[in-house]
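Below is one structure, written out as structure tokens, with a few remarks after it.
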Amino acid sequence: MQRLNFQLPDFTRLMWTSDEARAVWEPRLRRIVDAWLDIEWLAVAAGVRKCGLTSVSPGEFVAKGGGWARHGLSALPVAIQGAANYAYASTTPKAEPGQPFVFRVVVGTPEDVAAFQAAYDASDDATMGQLLNYPPCCRAFFQDVWVRQQMIDTTWPMAAASPGEPGHGDACLELNGPPEANILWRWVGVRAAPHLPCSFQCAETVARARQFMAVGRDAGLGLEMDWLLDILSWPVEWSALHGIAEVKTPVLKVSTRTDATPTRYTVRFAGSAYPAEGAVGVAFPFRQPKRRHVTASRSFQRGLKNPLEPEAALPDWYALDNGFSSRFIMDHAHRPLVELAVSALGSSGGTVLDLGCGNAALLKKLHEANPAITPFGIDVDAQRLDHARELLPEFAANFWHGDLFDDEPAWQAGVGFDLVLLMPGRLLETDPDRAARLRQRIRERSRHVLVYAYGEWLTRCGDLCGLARAAGLDLTDNAAFRTATASLAIVAPAPNIAHAGG
């Protein structure tokens, strides 16, 4: 690790990933920290270690002294230090006059406490480490990294000594290991071992950590130990740059002091669990959002419950009978006619006569759009009418064979129609007398007329209004409008007729 020649003041800042995560885990962290302060000396009473170190206020020193004595333990303050607002510091906070302070207390038998005090006064780290039951490998690691190299954060050397995989670049290490040896939560007071391990896989550290956790469970702190182990099993990322370390976890981020470096160094602990309240994100250590399969979506499930009926295959004559080259083109041309006719008739429907109905495909769409519509049609082509009766068998008797300009059965039957469909160009294809008779029949027998035209008829006469005037139909309002392929309209005829052009 390349280091710069400066150190920032000690600090620790927390930022939670969400209000939900804070509400759940902040009180749990507090209980874990309180539990660990007791475990430090309870481990001495249980014979796990000869001495324990803990920090207490003057009031707590008095309150806890009786409990230590009942376990046959002595307590001796070895230092007075400032009261920090965070659980871990790489340097001892200085006690300032008039400011809150705490005692750094060693707990053990009188003989062991005396031995620890002597080692403390002599700065004998080796002896103090033995009395605190730190593993030999970790004591040697501490002497090398903390004392000889004078580093203030052992995370990178600890990771470099652990089996793992290079991450993105030489300054990124990705590794895993037993949660008991994960020390990356120490800045918030969450740790299973009281010392700085030599690696993330240190077996001696794991063994001692499990002893400490067993002491906690025996003392009735089982829930806190469960939370502790759960937290240490989560993924966590430590990164360092310019003397500031960021420790990212699923529920919070810690900003704190570390050794100053000119480039970023990153350690990623993979973990094996993830909290329900953990944040979702695209980068480590966050769990990526779950991508739901299309088949699991609500719309797909609704589709399964409401399947579309397969579209029936239709013969070629379905479109060709009506002068269209394909069903798609015909359906596109018919769509505005159907919408306008259904709108004009309203929900009550009525009778509709198509003058030149072909195979009645348009009438079939009208009836499907509103079953209250009763279709009628006339055409000169008998085969097309056979097709119409095939498309609308329940209305087979309503299709007549004949010339729409003659005195055909549609008019002889005396039926009145709510709507007549007419292409006005037909009135220009016959002599004026026959056209006049048809216009008169329409006036007498119908309430509305929908006139429509396509392509050449519109260009020949300019627009639908021009075509209607040429055919002797006066569109007296502005109901005409155009679509991409047609023009159509509905107006009131004189004295009581409606025209539509399309």
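The values are calculated or read from the model by the stated rules, or taken from the named source; none is laboratory data. Since we're looking at a predicted model, the values are computed, not measured. Cβ sites come from the backbone with ideal geometry, for glycine too, and all protein chains shown count toward neighbours.
Could you look through segment 368-384, keep only residues that are within 51 Å of the chain's Cα centre (by Cα) and part of a loop (DSSP other than H, G, I, E, B), and pick out the one that is surrounded by the fewest Cβ atoms within 10 Å (Cβ to Cβ)? Of everything passing the filter in segment 368-384, Pro371 is surrounded by the fewest Cβ atoms within 10 Å (Cβ to Cβ). Can you find a residue that is surrounded by fewer than 16 Cβ atoms within 10 Å (Cβ to Cβ) and under 50 Å from the mean Cα position of the chain (by Cα) anywhere in segment 74-83? Taking every residue of segment 74-83 in turn, at least one turns out to be surrounded by fewer than 16 Cβ atoms within 10 Å (Cβ to Cβ) and under 50 Å from the mean Cα position of the chain (by Cα). Those strands (runs of 3 or more DSSP E) of segment 80-196 in which 1 or more residues are farther than 21 Å from Ile39 by Cα and charged (D, E, K, R) occupy 164-166, 172-175.
Conditions (1) among the aromatic types (Phe, Trp, Tyr); (2) in contact with a helix residue (DSSP H, G or I) (Cβ under 6 Å, 6 or more places away or on another chain); (3) not in a loop (DSSP other than H, G, I, E, B), marked per residue:
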{"site": "Glu277", "(1), (2), (3)": "no, yes, no"}
{"site": "Ser299", "(1), (2), (3)": "no, no, yes"}
{"site": "Ser325", "(1), (2), (3)": "no, no, no"}
{"site": "Arg335", "(1), (2), (3)": "no, no, yes"}
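Listed by first and then second residue, the pairs with beta-carbon distance under 9 Å, at least 6 apart or on different chains, first residue in segment 95-107 and surrounded by 11 or more Cβ atoms within 10 Å (Cβ to Cβ), second at pLDDT below 85 and part of a strand (DSSP E or B), are Ala95/Gly82; Pro100/Gly82; Phe101/Gly82; Val102/Gly82. Applying the criterion of being on the phi > 0 side of the Ramachandran plot and not small (Gly, Ala, Ser) to the residues of segment 120-165, the residue that is surrounded by the fewest Cβ atoms within 10 Å (Cβ to Cβ) is Gln150.
Here Phe61 meets the list (1) closer than 26 Å to Arg210 by Cβ; (2) out of contact with any helix residue (DSSP H, G or I) (no Cβ under 7 Å at 6 or more places or on another chain); (3) aromatic (Phe, Trp, Tyr) almost entirely, failing just condition (1).
Regarding Val33, is this residue part of a helix (DSSP H, G or I), of a type in the set (Val, Ile, Thr) and over 28 Å from Asp226 (Cβ atoms)? No: the conditions fail for Val33.
In segment 1-19, which residue that is among the charged types (D, E, K, R) and exposed (fewer than 14 other Cβ atoms within 10 Å of the Cβ) is farthest from Met151 (Cα to Cα)? So the residue we want is Asp19.
Scanning segment 445-463 for residues that are of a type outside the set (Ser, Thr, Tyr) and under 18 Å from Asp354 (Cβ atoms) gives Arg445, Arg447, His448, Val449, Leu450, Val451, Ala453, Trp457.
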